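Here's the structure, in structure tokens; my notes come after.
Derivation of every value follows stated rules applied to the coordinates shown; laboratory data play no part. Being a predicted model, the structure only gives us computed values, none of them experimental. FYI the Cβ positions are ideal-geometry reconstructions off the backbone, even for glycines, and counts take in every protein chain you see.
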Amino acid sequence: MLTAIDERDLRAATDEAEWALRVDLAAAYRLVALFGWDDLIFTHLTARVPGPEHHFLINPYGMGFDEITASSLVKIGLDGQPVGESPYPVNPAGFVIHSAVHAAREDAQCVMHTHSLNGIAVSAQREGLLPISQQSLFVLAALGYHDYEGVALNDAEKPRLVEDLGRNTFLMLRNHGLLTAAGSIADAFLAMYIFEAACAIQVRALAGSRELLRIPEPILAGIQAQAAQVTRGLGGALAWPALLRRLQRRNPGYDR
């Protein structure tokens, strides 16, 4: 872990916009752990650092999501190399997936990728996500699919991943997990919460061994306008303060 002196030095050398981003991303990592979506140390959340340099923040490889702090996040460029000094390495598989999305989507300030059990279970089902819950409709309105090509270490996979994501918020990585891309950390987290909930509902519904009632297509067509109404047009920003308060009660210290 970084020492207290290192943390203070980094804080003093970091502008307000980047520090605020670091605090929110560290909180998102701890919330992923709190909700049980983490896979030990093997998935990633990234955020684009404000400015023209195309730098982004990613987790230090080997640190549990529940112990990540604002100062421990690693800043890297699209070439995968750390910007400045860091005592921590970066997972190359995380770099391949996230750098592909950040390079292609200027609007994607935050990209989240999980290996949750429910998400992988649904990603392995041929039909993918089914329109059987309100949560599933929010996802289906902006969902892409990407076929499994092995552990994401090959740069040649990037164009196919980007094409499959398109302009969507949600991407189901077949046999692999879930991904969300959004204009803020709060929006990406809310999207992942809904995505994970839709998958959990589907796994439970299929386990009930009863005929499933699918939501009619005309309802799906109008779901995006309804989603904006429910969140008052604020998206994740509406829920984010309450999530931070919950995290402060359960696992404080992320803002160091």
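List of remarks:
- For I58, net neighbour charge (Lys/Arg +1, Asp/Glu -1) across residues whose Cβ lies under 12 Å away: +3
- With neighbours defined as other Cβ atoms within 10 Å of a residue's Cβ, the residues M172, M192, M63 order from fewest to most as M63, M172, M192.
- Listed by Cβ neighbour count within 10 Å, with the fewest neighbours leading, S209, S86 appear as S209, S86.
- Rounded tilt (10° steps) of 185-207 against the dominant C-alpha axis of the chain: 40 degrees
- Overall form of segment 114-241 per C-alpha gyration tensor (a/c, 1.5; a/b vs b/c): oblate
- If R0 equals 25 Å, the separation of the Cβ atoms of V203 and Q248 corresponds to a calculated FRET efficiency of about 0.20.
- Here the residues D39, D107, ranked from fewest to most Cβ neighbours within 10 Å of their Cβ, fall in the order D107, D39.
- Test item: Cα-centred dipole of the chain, Lys/Arg +1 and Asp/Glu -1 on Cβ, debye: 880 debye
- Neighbour cut-off at most 13 other Cβ (10 Å), DSSP loop, trypsin sites (Lys or Arg not before Pro), segment 1-98: none
- Farthest positive-ward along the chain dipole, Cα basis, beta-carbon charges - from L220, L78, H98: L220
- Projecting the alpha carbon convex hull of the chain along each direction and taking the average yields 13.8 nm².
- DSSP-assigned coil residues among trypsin sites (Lys or Arg not before Pro) in segment 128-212, each with at most 14 further Cβ atoms within 10 Å: R167, R210
- Measuring gaps between exposed loop sites in the chain (GluC sites (Glu not before Pro); DSSP loop; at most 12 other Cβ atoms within 10 Å), the longest gap, sites not included, is 128-210.
- Nearest-ten-degree value, helix 16-34 long axis tilted from longest Cα axis of the chain: 50 degrees
- Of the chymotrypsin sites (Phe, Trp or Tyr not before Pro) found in segment 75-174, not one falls in a DSSP loop while having at most 11 other beta-carbon atoms within 10 Å.
- The relative contact order of segment 4-250, computed from alpha carbon pairs under 8 Å that lie at least 6 residues apart in sequence, is 18 percent.
- Share antiparallel - DSSP beta bridges, the chain, percent rounded to 5: 85 percent
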